[in-house]
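Since every read-out is calculated from the coordinates, none of them should be taken as a lab result. Just so we're clear, the structure is a prediction, and the values are computed from it rather than from any experiment. FYI the Cβ positions are ideal-geometry reconstructions off the backbone, even for glycines, and counts take in every protein chain you see.
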Amino acid sequence: MTPQNTAEFFGEVDNSEVAQLIARALSLELSEDETIYSFCSSGSVKCTLSKSQITESLTLLESLAVFEEMSLASQNSFEMPLMEHSNTPVGRRVSDSIPEMEDAENRITYSLGRPSNEYVLFLLLKFRDPNINRYIFRPLPISFLIERMSRDSDGPILAMDVLKQAMRFKTLKISSVRPRSAASFNNFSNSYLFSLGYNLNLALVPIRQSDEILRSYRIRRVRRTNQSELVAPRKQYHPDLVYHYQLGISADIPALEYLSFYHVIEHFFEHIFNEDIVSRIRDKITSESFSYKRDRDIKDLIKMAISNRSFAEDSVNVSESEALRLTLLKFIPSPGPLADLINEYDESLLEYYANTEVPFCKGRRVDFRNLESFHKNLASRIYSTRNAIVHSKDGDRSKYTPFKDDLALLKELPVLRFIAEIIINGSAQVM
């Protein structure tokens, strides 16, 4: 991916706009004099930031390029946001204490920690919607955070430092004596992250796309967000489906999330497939044109019974792709309700599904306005994506590569989640 200049990315930005964004992120009032912005609560100054520091950080930000939407790069530096996934209670403390590492041979330095001033500005400018702040900053009361920082510092509290402390994720900074491309820095970051995972059992996952941050925000828009609106459940849901669904919504890894929702969908595959065969055979043998005395009619029944099945030594397997199509047809007879959910989540997705194949597996385009082809193409798109995630043999043309293909996979998650939810609700029993 070709890096994009930040000046083109954001357009013209001045100090006043940055100060207002900082005040909004901190939920504080803004005041200023000739040289300093003050961020206040009830008339009391909580933290400050000099206008010259904002100018300096903006100038540095304008000299950088945006790589893969969420990383900043120059010829001699690279900064990438990371989300931590740890299965040990000490994982976060480990990541907080990793020292700076120097590679003398390649003349590069690795540093893991709080984001730089220019990266904080980058996030504030990129996510200007105040509703998104909660997904970038921890929900700590800012006054509590500033009070804690005051106890540990003798000097004034800088607004930029408060934002860094409140940030939900760390960044990896790589500096190089020799000029390097953003793609080259990205390769070094992969090596560094593998080394930490191997030696410390520490999973630090790059945040490469804004969708990884915005997904929670978007799903909340189509759900109840006010706790007072919650009501007691009126249905009993199949426990196995709930378990897979809970795994899906708790997963931070796109591939795990996709497979969890797929497992919800595939739960009824065999039942629905056999139900369809029985129905078609019943229709056949009760038809006036059928005669049990005619060999051809009996042979047609046999073909019908074994179609879309495969036979192993001691088992009979149904065609998963056909079972998927039949499941979609049963629970989503019309694409309208599903299309409405997707459109409310992200208005651009329906057009994306209609015009774009899944890049890493050539999953079919799906036009939600075409009922004739809808179920077949949607089943094909979902099944191709599932296979690309599960199978990753060297030489496979259609395979999913973690992180590299995450942007494409993230776009497939909403439709699969909504289908899983429709199936869970559609198979539930009223209490």
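Some values worked out for this structure:
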quantity: Farthest toward positive dipole pole in the chain [+1 Lys/Arg, -1 Asp/Glu at C-beta], among Tyr292, Thr401, Leu328; calculated: Tyr292
quantity: Within a Gaussian network of the chain (alpha carbon springs, distance under 10 Å), most fluctuating of Leu26, Leu60, Leu121; calculated: Leu60
quantity: Student exercise, region 4-208 dipole from Lys, Arg, Asp, Glu Cβ charges, in Debye to nearest 20; calculated: 780
quantity: Mean residue ellipticity (222 nm) of the chain, computed from DSSP H runs ≥ 4 via -39,500 (n - 2.57), nearest 500; calculated: -15500 deg cm²/dmol
quantity: Rounded to 5, the percent of DSSP beta bridges in region 4-208 classed as antiparallel; calculated: 95
quantity: Karplus-derived HN-Hα couplings along region 180-195 (A = 6.51, B = -1.76, C = 1.60, θ = phi - 60°), whole Hz, x at Gly and Pro; calculated: 9, 7, 4, 5, 5, 4, 4, 5, 5, 5, 4, 5, 4, 5, 5, 4
quantity: Nearest-ten-degree value, helix 406-426 long axis tilted from longest Cα axis of the chain; calculated: 50
quantity: Reported label for calculated semi-axes √(5λ) of the Cα gyration tensor in Å given (1) 75, 20, 17; (2) 51, 25, 20; (3) 117, 26, 19; calculated: (2)
quantity: Exposed-loop-free span, longest in the chain, where GluC sites (Glu not before Pro) count as exposed if DSSP calls them loop and at most 12 other C-beta atoms lie within 10 Å; calculated: 106-287
quantity: With Cα atoms, 0 to 90° folded angle of helix 51-62 axis to the chain main axis; calculated: 40
quantity: Residue among Val13, Ser77, Thr55 farthest towards the positive dipole end of region 4-208, charges placed on Cβ; calculated: Ser77
quantity: Simple Cβ-charge dipole of the chain, Lys/Arg +1 and Asp/Glu -1, about Cα centre, in debye nearest 20; calculated: 1280
quantity: Mean-position separation - Cα centroids, region 251-273 and region 1-78, in angstrom; calculated: 42
quantity: Packing-based exposure ordering (other Cβ within 10 Å, fewest first) of Leu214, Leu61; calculated: Leu214, Leu61
quantity: On Cα atoms only, tilt of 142-151 relative to the major axis of the chain in degrees; calculated: 40
